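One structure is given below, encoded as structure tokens.
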Amino acid sequence: FANACLDAAIALLNGGTVELQDASDVEVATGTLNATALSGSSSGGVGTLNAITKDDACAGGGPITKAVFKTSGATALVEATCAESGGELTIDNDSPVAGVDVVFGTVTFTMAVTAL
């Protein structure tokens with residue numbers, strides 16, 4: 001059941017974006033999610049996203065404190081803490097300068113799987 005729920009939730013992100021923001025909700029960088037956001041099917045309560053298209057010229061700023069995953073219609077669906085260490089999403093530079101490429105690594109979503 002958890003895998004089916006996770007698959008359905010991630011499907012809402014098809015063709016959407018992941019926006020990296022500072023503490024004031026200002027966009028620092030944005031990646032584009034694949035038209036089919038989920039890579040395969042979730043298993044064991046873990047769903048892995050397909051590759052996220054890099055931001056070729058980020059707005060710059062920071063420090064980045066959160067990642068907001070949005071639908072293709074720009075509706076915020078999932079928010080995660082974001083930091084160089086200790087965040088739900090780990091990044092290698094939380095304060096990129098304007099114009100640099102921001103590349104996204106593997107992103108997974110996890111839903112607890114418990115027996116009833």
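The values are calculated or read from the model by the stated rules, or taken from the named source; none is laboratory data. Source: prediction; values computed, not measured. For neighbour counting, all protein chains shown are included, and Cβ atoms are generated from backbone atoms with ideal geometry for every residue, glycine included. We work out accessible area using only protein heavy atoms, side chains counted, and drop any ligands, DNA or RNA first. Shrake-Rupley method; radii C 1.70, N 1.55, O 1.52, S 1.80 Å.
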Taking the range 66-85 only, how many residues are open to solvent by 50 Å² or more (accessible area, probe 1.4 Å), in contact (Cβ under 8 Å) with a residue 12 or more places away in the chain and either within 12 Å of the chain's Cα centre (by Cα) or within 14 Å of Glu27 (Cβ to Cβ) (or both)?
4
Restricting to the range 1-22, what's the tally of residues that are of a type in the set (A, V, I, L, M, F, W, C), at pLDDT 95 or above and surrounded by fewer than 16 Cβ atoms within 10 Å (Cβ to Cβ)?
2
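Can you tell me which residue in the range 86-102 is modelled with the highest pLDDT, limited to those that are among the aliphatic types (A, V, I, L, M) and surrounded by 13 or more Cβ atoms within 10 Å (Cβ to Cβ)? Before you say what the answer is, go through the steps one by one.
Restricting attention to the range 86-102, the residues satisfying the condition of being among the aliphatic types (A, V, I, L, M) are 89, 91, 97-98, 100, 102.
Pick out the ones that are also surrounded by 13 or more Cβ atoms within 10 Å (Cβ to Cβ) and you get 89, 91, 100, 102.
Numbers: Leu89: 87, Ile91: 87, Val100: 93, Val102: 90.
Out of the qualifying residues, it is Val100.
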